[in-house]
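Just passing along the structure, written as structure tokens.
Values quoted throughout were computed directly from the atomic coordinates according to the rules given, and no laboratory measurement underlies them. Note that the structure is predicted; figures quoted are calculated from it, not measured. All Cβ positions, even for glycine, are placed from backbone atoms using ideal geometry, and neighbour counts span all protein chains on display.
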Amino acid sequence: MNQDQQPFVPADFAVPRTLVADGFRLEPLGAEHNERDLAAWTGSIAHIRATPGFVVRGWPPVAGMSAEANLADLLRHAREFEERSAFAYSLLEGEADGDGDGEVIGCLYIHPSREDARRVVVSHWVRSDRAALDPRVHERITRWLHEVWPFDAGRIDYEPR
């Protein structure tokens, strides 16, 4: 980082490693989620591409990707999490903390805007068979961002469901 850049989160901020909510939980996205993550999004490509925050993104790829390519993507997200430059979480079914166990039902991404590093871009997707969870997930994550994270509410771009 050069001296003109600001860190995404303050050095003394303890980045949350989990959120346990009503019917779902978050944990940092990592290699242990590869098979379940790949199955989750490849079965819901059209639904995810129509989700606010993903409409213009071009993700996920319509043709899918190999397990190896997905793993490389998850490892990149895990590296960004450890570097504190962006935060990706696996959205898992249930409330128990199973340390990587549980069915992957979506993902959450928190990262600086490419256009304006002072802004925070947040997006999440859920599998098409869990679409009814979208409003509840959005509401709970919005509250978590305001209660726990060091971002001013006016800096967060997180499209409603």
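Using each residue's phi in the range 122-134, evaluate 6.51 cos²θ - 1.76 cosθ + 1.60 at θ = phi - 60° and report the 3J(HN,Hα) Karplus result to the nearest Hz, with x for Gly and Pro.
10, 8, 8, 9, 10, 4, 4, 6, 10, 4, 5, 6, 3
Over all directions, how big on average is the projection of the convex hull of the alpha-carbon atoms in the chain, in square nanometres? Provide the component values of the computation, followed by the final result.
On the way: hull surface 37.4 nm².
So the mean shadow area of the Cα hull is 9.4 nm².
Okay, next question. Mean projection of the alpha-carbon convex hull of the range 99-161 over all orientations, in nm²?
Working: hull surface 20.8 nm².
Over every viewing direction, the Cα hull of the range 99-161 projects on average to 5.2 nm².
I would also like to ask the following. Please get the size of the charge dipole for the chain, origin at its Cα centre, with Cβ charges of +1 on Lys and Arg and -1 on Asp and Glu, quoted in debye to the nearest 20.
So the dipole magnitude of the chain works out to roughly 520 debye.
In addition: Could you please report the charge total around Arg143, scoring K, R as +1 and D, E as -1 over all other residues with beta-carbon less than 13 angstrom from its beta-carbon?
-1
Follow-up. Sequence-distant or interchain residues sharing an amide H contact under 5 Å with Leu91, placed H: which?
Amide H neighbours of Leu91, under 5 Å, 5+ apart: Ile105, Gly106, Cys107, Leu108.
Residue-wise, which Karplus ³J(HN,Hα) couplings in Hz belong to the range 52-67, taking 6.51 cos²θ - 1.76 cosθ + 1.60, θ = phi - 60°, and x for glycine or proline?
Per-residue couplings from phi come out as x, x, 10, 4, 9, 7, x, 10, x, x, 4, 7, x, 7, 6, 4 Hz.
What number comes out for the charge environment of Leu92, summing +1 per Lys or Arg and -1 per Asp or Glu over other residues with Cβ under 9 Å away?
-2
Per-residue counts of other Cβ atoms within 10 Å, averaged by peptide: what ranking do you get for 31-40, 108-117, highest first?
31-40, 108-117
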